[in-house]
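The values are calculated or read from the model by the stated rules, or taken from the named source; none is laboratory data. Nothing here was measured: the structure is a model prediction, and the numbers come from that model. Counting neighbours? That spans all protein chains shown, and the Cβs are built from the backbone with ideal geometry, glycine included.
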Amino acid sequence: MLPMLKRFPQNYRTDQELRDLQFAGLRWTVGHAWNNSPFYRKRLDESGVSPVSIRSLEDLGRIPFTTADDLRDGYPLPLLAVPTRDILRIHSSSGTTGKRKILCYTRKDIDDWQDMFGRCYEMAGLSREDRVQICVGYGLWSAGAGFQLGAERFGAMAIPSGPGNLELQCNFLIDLQTTVLCCTASMGLLLAEEVHARGLRGRLRLKKVILGAERTSDAMLQTIRDLLGVEEVYDIPGLTELYGPGTGLSCRHNVGIHYWSDYYILEILDPESLVPVAPGEIGEMVYTTLRKEAAP
């Protein structure tokens, strides 16, 4: 059970309140997409779905899927459900498997993203006194922007050091007395080994590490803890199609991700039957946004 957060609280207190919130968000999303996106209007009509046909959360299974191919086929601005004048920014995938998947953001989308990220920082136990060194890519990739937007909304000092450059990273860790490190798992391990090789551990004020974008192992996490002298290492998920990083976070027990179910619904479905799998079984993850404006 998640603790009740004070600055970036969940928008519900009971399971029923969550279900009511998700149902309202689902109806709004279907209506918004049906009314404002030619792509979604056609896809929903073909499936016999309209805003008035969504009468409960059980109708979620009637909504057709949107795939990565739909995003590529809709290049350059796929799934768009707002006028282009309402778009404040874009982020995109790397395009390694074909055309880039470009996702658009409205002012509200960015505000929601910042609030979710602020919630991540609060759950990790940060305060406004923390100094957050962000060692991930900026630009089209959503990671750097997400970590920085979240730090600024939370009120902690953002140190946008970017990826690589171990000399700079080590200097900032010492000179700026960084307390929170945000990076990929491989960068975290590389930097931890560099700190160890230079004998810098005793000069650090580092308290927490937040890792994203890559798989980790228990051995890797323990090595990072040992070499950097930190107890708390968190895992943060990220998906450009779903805002970017910050849509959930592991807790201090590190047994999985707590996701923000008041912003999106997460299902794990059997890829053949398309019905939810039993707890503990492997399936396909499917996301349904509840508030996203530009590209729901």
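In the stretch 254-269, how many are over 25 Å from A33 (Cβ atoms) and touching a strand residue (DSSP E or B) at 6+ places or on another chain (Cβ under 8 Å)?
The total comes to 4.
With the structure loaded, tell me whether L266 is among the hydrophobic types (A, V, I, L, M, F, W, C), surrounded by fewer than 18 Cβ atoms within 10 Å (Cβ to Cβ) and under 24 Å from Y105 (Cα atoms) or whether it fails that test.
Considered against the rule, which asks whether it is among the hydrophobic types (A, V, I, L, M, F, W, C), surrounded by fewer than 18 Cβ atoms within 10 Å (Cβ to Cβ) and under 24 Å from Y105 (Cα atoms), L266 comes out as yes.
In the set G95, G125, which member is of a type outside the set (V, I, T), more than 22 Å from W260 (Cβ to Cβ) and surrounded by fewer than 24 Cβ atoms within 10 Å (Cβ to Cβ)?
G95
Among (1) of a type in the set (A, V, I, L, M); (2) assigned to a loop (DSSP other than H, G, I, E, B); (3) more than 23 Å from the chain's Cα centre (by Cα), where does V82 come up short?
(3)
Considering only strands (runs of 3 or more DSSP E) fully contained in the stretch 209-290, which possess at least 3 residues that are touching a Ser or Thr at 6+ places or on another chain (Cβ under 8 Å) and closer than 24 Å to A145 by Cβ?
Fully inside the stretch 209-290 and qualifying: 232-236, 257-259.
Just one of D70, D45 is closer than 15 Å to T240 by Cβ and in a helix (DSSP H, G or I); which is it?
Of D70, D45, the one residue that is closer than 15 Å to T240 by Cβ and in a helix (DSSP H, G or I) is D70.
Would you tally the residues in the stretch 48-66 being outside any helix (DSSP H, G or I) and within 24 Å of the chain's Cα centre (by Cα)?
Looking only at that region, the number is 4.
Please go through the stretch 203-219 and pick out each residue that is touching a Gly at 6+ places or on another chain (Cβ under 8 Å), among the hydrophobic types (A, V, I, L, M, F, W, C) and crowded, with 18+ Cβ neighbours inside 10 Å.
Selection gives L204, L206, V209, L211.
Being outside any loop (DSSP other than H, G, I, E, B), in contact (Cβ under 8 Å) with a residue 40 or more places away in the chain, of a type outside the set (V, I, T) and outside the structural domain of L126 (by TED's automatic domain parsing) is the requirement here; does Q10 meet it?
Here the answer is no, as Q10 does not meet what is asked.
Only one of these is exposed (fewer than 11 other Cβ atoms within 10 Å of the Cβ) and of a type in the set (D, E, K, R): E46, E17. Name it.
E46
Looking at (1) hydrophobic (A, V, I, L, M, F, W, C); (2) assigned to a loop (DSSP other than H, G, I, E, B); (3) in contact with a strand residue (DSSP E or B) (Cβ under 9 Å, 6 or more places away or on another chain), which is the one condition that is false for L26?
Failing condition for L26: (2).
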